[in-house]
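Heads up, the thing below is written out as structure tokens.
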Amino acid sequence: MMRQMSALTPSPWVTRFAPLIAAGGEVLDLACGSGRHARWLAGRGFRVEAVDRDAVALELLAAVPHITLREADLEGGAWPYEGRQFDAIVVTNYLFRQRFPLLLTALAHGGVLIYETFMIGNERFGKPSNPDFLLRSHELFERVAGSCTVLAYEQGEVSAPKPAVIQRICAVKGHAPSLRLPPGGA
Ligand SMILES: C[S@@+](CC[C@H](N)C(=O)[O-])C[C@H]1O[C@@H](n2cnc3c(N)ncnc32)[C@H](O)[C@@H]1O
């Protein structure tokens with residue numbers, strides 16, 4: 001039977017690696033959009049901060065328990081998470097590379113970064129096609145090198161939920177050489 005996908009279906013990459021996040025931990029869903037991950041994570045006992053500039057999208061999450069909403073421009077003005085650290089940061093289908101160092105600063109030691117977005121080559125399939133919104137080859141891997149332990153990394157073409165060229169990583173802040181990997185299937 002074909003699996004039904006909707007705008008609220010979480011990425012299998014996120015659901016696969018979420019069990020590595022400390023139980024009950026605080027998770028930042030950056031550029032959360034309609035909040036498919038914020039919702040899913042909150043339903044599993046995590047405390048979620050969901051941030052986006054789109055107030056209409058955030059409004060859809062207003063009644064969901066364990067989610068704190070923040071309307072903010074993540075690309076201009078003050079970084080909203082100065083001095084804050086999270087047990088995990090989830091970013092999907094969003095890139096603003098200039099603030100990647102700040103993003104890593106907002107991840108606590110031992111915290112889990114789960115990141116999945118489009119990379120160069122995706123222009124063959126449509127949007128995003130602007131290089132500003134497309135990761136370069138191995139970019140996520142290189143950006144976390146030196147501060148995180150990479151547990152899983154992939155880049156290449158996928159056919160679901162739609163044909164695209166993507167890159168995805170799961171990394172833990174600091175030295176974490178022998179964590180047990182959740183089973184695959186993404
Ligand atoms: C393609 S959607 C991805 C939403 C969600 N992460 C997901 O995968 O379902 C990109 C999101 O980035 C948000 N966004 C784009 N630029 C932003 C900015 N400067 N500040 C905050 N959010 C921004 C948009 O409002 C949109 O919700």
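The values are calculated or read from the model by the stated rules, or taken from the named source; none is laboratory data. Keep in mind that this is a model prediction, so the values were computed, not measured. Heads up, the Cβs are rebuilt from the backbone with ideal geometry, glycines too, and the neighbour counts pull from every protein chain shown. Quick note on the areas: whole protein, heavy atoms, side chains included, nothing else; ligands and nucleic acids left out. Shrake-Rupley method; radii C 1.70, N 1.55, O 1.52, S 1.80 Å.
Side notes on the structure shown:
- Of the listed residues Arg136, Arg70, the order by accessible area with a 1.4 Å probe, largest first, is Arg136, Arg70.
- Counting all C-alpha pairs of the chain, share separated by more than 20 Å (%): 53
- For Met119, distant residues with modelled amide H under 5 Å away: Leu135, Val165, Ile166, Gln167
- For the chain, built as a Gaussian network whose Cα springs stay under 10 Å, the top-fluctuating residue of Asp29, Asp52, Asp73: Asp73
- Here Phe17 sits with roughly 0 square angstrom of accessible surface, probe radius 1.4 Å.
- When a 1.4 Å probe is rolled over the protein heavy atoms, the share of accessible surface on the chain that falls to carbon and sulfur comes to 54 percent.
- Sequence-distant contacts, meaning Cα pairs under 8 Å at least 6 residues apart, place the relative contact order of the stretch 47-105 at 28 percent.
- Across q = 0.17 Å⁻¹, the stretch 1-92 modelled as identical point scatterers on its alpha-carbon atoms has Debye log10 I(q)/I(0) values of -0.70, in the order of the q list.
- Each Cα pair under 8 Å and six or more residues apart adds its separation to the average, and for the stretch 1-109 the resulting relative contact order is 25 percent.
- Estimated [θ] at 222 nm from DSSP helical runs (n ≥ 4, -39500 (n - 2.57)) normalised by residues in the chain, nearest 500: -3500 deg cm²/dmol
- Taking every DSSP beta bridge that has both ends in the chain, the antiparallel portion is near 45%.
- With the simple spin-label model, which puts each label point 7 Å out from Cα in the Cβ direction, the Thr68 to Thr149 separation comes to 2.8 nm.
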